[in-house]
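The values are calculated or read from the model by the stated rules, or taken from the named source; none is laboratory data. In this text the structure is predicted, and so the values were computed from the model without any measurement. We place every Cβ from the backbone using ideal geometry, glycine too, and count neighbours over all the protein chains shown. Side chains are part of the model used for accessible areas, which takes the heavy atoms of the whole protein and leaves out ligands, DNA and RNA. Shrake-Rupley method; radii C 1.70, N 1.55, O 1.52, S 1.80 Å.
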Amino acid sequence: MFLSAAVRSAVSQTARQVRSLHRSAARAGAGGIFVHRDTPDNNPDTPFEFTEENKKRIEAIISMYPDGHKQAATIPVLDLAQRQYGWLPISVMNKVAEVLEVPPMRVYEVATFYTMFLRQPVGKYFIQICTTTPCMLCNSDSILEAIQNKLGIKVGETTPDKMFTLIEVECLGACVNAPMVQINDNYYEDLSPKDIEDIIDELKAGRVPAPGPRNGRFSCEPAGGLTSLTEPPKGPGFGVRPDL
């Protein structure tokens, strides 16, 4: 028993000394807030109304679902609300519930589950840097350090001018293009520290850089060129017995 306790103590001590293998920071999204507390900018009386243009979009979204199933539109309508307001205070979620004619709790359940929904304010440019295994092996640490040095903020913080928010996230599904970041809706891939600094400079200047790889690749093809499928397709019937 004493030996087991000693082993547990040693393992615990070692774990505290290691950087937790890029443990994700508290998010601005679903994982960041587990309960609601009224604040001056997030309470049931926070003003919000969909624009006339977005009301038409909501009608189009709802029309895609059978009668009596407006609740199925919760995710797209929440996304529309977030794009209009920038994040989702409780009054915005309540408005979505009103539009979809469902209890507010049904909307809260969705907004608190999916990390794409932000329940705290974020900057104009929301930088999500992936630091899970493939990106980590491709030196995402250097990209994270470059962002922090360039903006003067740490993970989970927003710049004083409200232009940039930085968080650390789990896999974003672009492992073959590691290291990469997502900024708002755009993926920036195959990054070097200079690449991310240039991207930030472009955003500061009011320009949105072209998304995608930054190392010359068109997409996610092999960096060293194709190693298979190097010939034109043979066409229908190739390799099939002539008597069939």
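Cβ-Cβ contacts under 6 Å between residues 6 or more apart (or on different chains), taken from a first residue in segment 140-151 that is of a type in the set (A, V, I, L, M, F, W, C) to a second residue that is part of a helix (DSSP H, G or I) and open to solvent by 10 Å² or more (accessible area, probe 1.4 Å), are listed as A146/P193; A146/E197.
Among the residues of segment 129-141, those identified as open to solvent by 20 Å² or more (accessible area, probe 1.4 Å) and on the phi < 0 side of the Ramachandran plot are T132, T133, P134, M136, L137, C138, D141. Of all residues in segment 84-93, one or more are in contact with a helix residue (DSSP H, G or I) (Cβ under 7 Å, 6 or more places away or on another chain) and either charged (D, E, K, R) or open to solvent by less than 10 Å² (accessible area, probe 1.4 Å) (or both). Of the residues making up segment 200-229, not one is farther than 20 Å from Y125 by Cα and open to solvent by less than 20 Å² (accessible area, probe 1.4 Å). Close contacts from segment 83-106, counting a first residue that is at positive phi and a second that is not in a helix (DSSP H, G or I), with Cβ to Cβ under 9 Å and a gap of 6+ residues or different chains, come to G86/L118; G86/P121; G86/V122; G86/K124. Tell me, yes or no, whether segment 33-53 has at least one residue that is at pLDDT below 80 and under 30 Å from T133 (Cα atoms). Scanning segment 33-53 turns up at least one residue that is at pLDDT below 80 and under 30 Å from T133 (Cα atoms).
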